[in-house]
1. Could you check Y84 against (1) touching a residue at least 60 places away in the same chain (Cβ under 8 Å); (2) farther than 24 Å from P35 by Cβ; (3) not polar (S, T, N, Q) and say which number it fails?
2. Quick one: L233 ticks every box in (1) in contact with a Gly (Cβ under 8 Å, 6 or more places away or on another chain); (2) surrounded by 14 or more Cβ atoms within 10 Å (Cβ to Cβ); (3) over 19 Å from E110 (Cβ atoms) bar one, so which box is it?
3. Out of all the residues in segment 87-120, which are in contact (Cβ under 8 Å) with a residue 60 or more places away in the chain and of a type in the set (S, T, Y)?
4. Quick one: how many residues across segment 34-79 are touching a residue at least 24 places away in the same chain (Cβ under 8 Å) and of a type in the set (S, T, N, Q)?
5. Restricting to segment 204-223, what's the tally of residues that are among the β-branched types (V, I, T), surrounded by 18 or more Cβ atoms within 10 Å (Cβ to Cβ) and touching a Leu at 6+ places or on another chain (Cβ under 8 Å)?
6. Does W247 count as within 17 Å of A92 (Cα to Cα) and either assigned to a helix (DSSP H, G or I) or among the aliphatic types (A, V, I, L, M) (or both)?
7. List, please: which pairs have Cβ atoms under 8 Å, are six or more places apart or on different chains, and start with a residue in segment 121-136 that is under 22 Å from T155 (Cβ atoms) and end with one that is modelled with pLDDT of 85 or more and of a type in the set (V, I, T)?
8. If only one of T201, T155 is polar (S, T, N, Q) and modelled with pLDDT of 90 or more, which one is it?
Amino acid sequence: MSTLSGKTDPVVRPITAGDIAEALVKGLRDFQGAPLYGLACGALYALGGVLILLSVTALGMSYLAYPLAAGFALIGPFVAIGLYEVSRRREAGETLAFGAILATVKSRGEIGWMAFVTVFIFLMWMYQVRLLMALFLGLNVSFASFEQFIAAVLTTNAGLLFLAIGNLDGAVLALILFSLTVVSFPLLLERDVDFITAMITSVRAVVASPLPMISWAAVIVVLLIVSALPAFLGLVMTLPVLGHATWHLYRRIVVPVATDEARPA
């Protein structure tokens, strides 16, 4: 089979839980080997979360803090793209420099389309949260504080139903986005393929190893959500390790190609 550009489709291979563990170890080593880049990326991600949280609080919509924290994990793969490049450069023995990393990421035009897909699904999640709130908690629902929202959700039948369906809906969207992006961003960074081919390859990777890949998705979501709880500060450490680990897992999933098939630097 060929990609839209006429090149051979990337070849995927199945993985095991052992590959995930090995990727996490290598991700931690990359973070330790180049901590400045990981801390910068993690701090940027955490700062974005804090700014969003402050914005909804200032607008009197602090009840959206929970769905925002959950949905914020959805855009992690895009934010971590600079970390993939750091791992790629360390692997290839290339020089690390912020300018060179940013220039490489900016030169990959198809990554912009994947970013659009990521943000689109994040917005879908937030709109669905508002819709579910209107259906179960009232059309003009509004809470004076986050505590009032929690009380309404946990102490009423409608609130518990909203929580159950909302979490299920979020899990489905997260799985869809994970399937579309887990391999896409690293693949687009490394090779000259279109974003449609990248998404198809990513889905094929999940289908080839459903249980390990879903387990990896669960690890990512749980760690990001837990890290976001203390004012998003935990993301400063968690995101770099997960980002570097994602690159190494990509290396295990997608069979390497000849140098002339890779995207030129």
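1. For Y84, the failing item is (2).
2. Result: L233 fails condition (1) only.
3. The answer is S87, T104, T118.
4. Looking only at that region, the number is 1.
5. Final tally of qualifying residues: 1.
6. The answer is yes for W247.
7. Correct list of pairs: L132/I165; F136/I165.
8. T201
The values are calculated or read from the model by the stated rules, or taken from the named source; none is laboratory data. Please read all numbers here as calculations on a predicted model, not as lab measurements. Here Cβ is always computed from backbone atoms with ideal geometry, including for glycine, and neighbour counts include all displayed protein chains.
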